[in-house]
Amino acid sequence: MAEQQDSYSARRFIFVAAAFVVILWGIYQAQSVVVLALVSVFIAVLGTVPVRWMEGKHVPPIIAVLIVMAAMVGLILSIGVVIGASLNNFSNALPFYQSRLHEMLFSLKALLAARGIMVTDTVLIGYLDPAMVMNVTASLFSTLGSTLSNAVLVLFTVTFILLEAASFPAKLRLVRETPRASFPQFAKFINEIKRYVVIKTLINLVAGVLVALWLWILGVDFPVLWGFLTFLLQFIPSVGSIVAAAPAVLLTLIQRGGGYAALAGAGYLVIGLILGNIVEPRIMGRKFGLSTLVVFLSLIIWGTLLGVFGALLCVPLTMTLKLACEENEEWRWVAVILGPVNQVERTTGAPKRKAGS
């Protein structure tokens, strides 16, 4: 009997693993469609908050959705105009910045040579060239722009999602032939996902605004562009803030010198520490935590499968998986593995280790 049980468990594991591989392969092959759907769902989750608020004020659902969509269109157009102009100017000025960086590198070579340290041009340009950061930043914005070129299709999809959202519970009741069912677990799951996405977006928005203001005070070119980049990349914990800071600090170094570059880097560090380590954990709570290793692996996996937007949405996607597993007794162990150590200690009651023990 035990052998049959072990054989069944082994076959089930192989079947689940094979299905998982097939699903990942399908996502990779349908990357453009999946990205479009994920971006639409992400925006729709943000849009449900004002829609539900207006419905609570007795505004008809269709009118509420149209008002929200009109506001989104105006916001996207405004952002597109400002960011597009900044990006165009940045692209035009990119050769100048690269030439200035090369001049600084050769000055560094002369300084090192005066101290008896010889560095070849191959090492200097091939391995120590910070202009690569500027090129990567320009390519990142180019990729985002090409994906957002389908903005009309995204907005139409968001509109239909918002219109259908109110009737979805009724459809579930009809399918399950339980007209009075309330689906508390499903409602809890949706509300938690919505809460995470909304709070994370607002925190990222605050980070972007603070970075733009700080760089503007320091007199750095294109502060709005760097603030927008910070807003996007803050969805990637730890790594995202570093990637967002690198081009802005380099640009500050070119324009204003080492002292101002240090101030720019310090601003990024302070904003990241306050929002990421103090504000966000207190607002989110431990329930929304992920293991550091899981965050890193999710960045690799989702970034490989879905490109830039996979990297940006890696944490929301993994968080969705974690919350879904928490609502299922059979898969709750997956949520425990995805969560941080302090959540496991809090759940199991295991005592925390003292320093030096």
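The values are calculated or read from the model by the stated rules, or taken from the named source; none is laboratory data. Keep in mind the model is a prediction, meaning the values are calculated, not measured. Glycine gets a Cβ as well: all are built from the backbone with ideal geometry, and neighbour counts include every protein chain shown.
Brief remarks follow.
- Residue check, Phe228 under 14 Å from the mean Cα position of the chain (by Cα), of a type in the set (A, V, I, L, M, F, W, C) and over 23 Å from Gln98 (Cα atoms): no
- Some residue of segment 59-66 being surrounded by 14 or more Cβ atoms within 10 Å (Cβ to Cβ), modelled with pLDDT of 80 or more and not in a helix (DSSP H, G or I): yes
- Residues of segment 254-275 that turn out to be free of Cβ contacts under 8 Å to residues at least 40 places away in the same chain and either among the aromatic types (Phe, Trp, Tyr) or in a helix (DSSP H, G or I) (or both), as a count: 12
- Thr122 part of a helix (DSSP H, G or I), farther than 18 Å from Ala44 by Cα, at pLDDT 65 or above and of a type in the set (Val, Ile, Thr): no
- Among the residues listed as Ile190, Ile199, Ile236, Ile161, the single one being touching a Cys at 6+ places or on another chain (Cβ under 8 Å), closer than 30 Å to Glu326 by Cα and modelled with pLDDT under 90: Ile236
- Taken together, the residues in segment 288-342 that are of a type in the set (A, V, I, L, M) and more than 21 Å from Ser40 (Cβ to Cβ) amount to 14.
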